[in-house]
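See structure below.
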Amino acid sequence: MNYYGLVLIPIISALIGWFTNWIAIKMLFHPKIPIKIVGITFQGIFPKKQKQFAENLGKVVSNELLSFKEIEEKISNPNNVQKIMPLVEEHIDNFLRVKLTQQMPMISIFIGNKTIEQLKTVFITELQELFPKVMSNYMGKLQNDLDLEKIVTEKVNNFSSDKLEDILNSIMKKELKFVEILGGILGFIIGIFQVLITLII
């Protein structure tokens with residue numbers, strides 16, 4: 001029995017497993033331009049489906065990742081409004097004490113600290129009620145003016161094949177490398193089984 005040949009079987013199987021997975025990964029991106037061979041058109045999956053990929057990504061980003069409704073809920077939430085009120089109060093205080101008296105010097109005669117504090121309280125209370133309404137209205141207009149799905153779709157669809165490949169490789173580099181290695185491991189295991197079957201027979 002040729003034991004040297006048996007030892008080579010798992011190694012060759014591992015190489016075949018790695019190579020077939022490597023080819024499969026390359027075929028995700030290549031050929032970038034359709035090529036006809038014996039009447040059959042060959043093209044990489046991503047270049048061929050780039051338009052569909054762009055449309056699906058646009059829908060996912062606009063509906064799942066960056067939902068205008070969720071953003072509106074966050075910025076109009078009373079707790080979040082409260083977080084910005086100290087800054088608002090500081091600006092109102094500065095306006096009443098400094099800017100207003102600079103623009104209208106005579107008014108400082110009639111407005112003292114007590115009046116300023118009362119005015120601040122009135123303004124802040126009114127703004128706390130107004131902010132959620134303003135932000136909700138603003139987000140509604142922004143959603144109409146800013147078609148996020150269309151922007152993402154056009155952006156991705158206009159990527160060159162090289163840029164799309166670079167982006168996807170940068171995102172999935174480790175995963176794609178793992179698929180290559182896994183092909184080699186599975187090929188090696190299959191080779192071991194082949195050797196065991198050969199020895200048993």
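Observations, loosely collected:
- If you go through the range 54-65 and pick out every residue that is surrounded by 14 or more Cβ atoms within 10 Å (Cβ to Cβ) and at pLDDT below 75, you end up with 1.
- Options Lys163, Lys74, Lys120: the member that is among the basic types (Lys, Arg), assigned to a helix (DSSP H, G or I) and closer than 30 Å to Lys32 by Cα: Lys163
- Once the range 114-125 is narrowed to residues that are of a type outside the set (S, T, N, Q) and either over 12 Å from Gln82 (Cα atoms) or in contact (Cβ under 8 Å) with a residue 40 or more places away in the chain (or both), the residue that is surrounded by the fewest Cβ atoms within 10 Å (Cβ to Cβ) is Lys114.
- Filter result for Lys51 (farther than 30 Å from Val152 by Cα, modelled with pLDDT of 75 or more and loosely packed, with under 14 Cβ neighbours inside 10 Å): no
- The residue list Ile25, Ile35, Ile107 contains one member that is on the phi < 0 side of the Ramachandran plot, of a type in the set (A, V, I, L, M), free of Cβ contacts under 8 Å to residues at least 12 places away in the same chain and in contact with a Leu (Cβ under 7 Å, 6 or more places away or on another chain), which is Ile107.
- Taking the listed residues Lys59, Lys32, Lys69, the one that is closer than 30 Å to Asn158 by Cβ and in contact with a Pro (Cβ under 8 Å, 6 or more places away or on another chain) is Lys32, with no other qualifying.
- The range 126-167, subset buried (at least 16 other Cβ atoms within 10 Å of the Cβ) and without any contact (Cβ under 8 Å) to a residue 60 or more places away in the chain, residue nearest to Gly44 (Cα to Cα): Pro132
- Ile40 meets the conditions (1) surrounded by 13 or more Cβ atoms within 10 Å (Cβ to Cβ); (2) over 21 Å from the mean Cα position of the chain (by Cα) in every case but one. The failed one is (1).
- Per-region count, the range 87-113, residues at pLDDT below 80, exposed (fewer than 15 other Cβ atoms within 10 Å of the Cβ) and among the aliphatic types (A, V, I, L, M): 4
The values are calculated or read from the model by the stated rules, or taken from the named source; none is laboratory data. Only a predicted model underlies this, so the values are computations on that prediction, with no experimental measurement involved. Please note: Cβ atoms are built from the backbone with ideal geometry, for glycine as well, and neighbour counts cover all protein chains shown.
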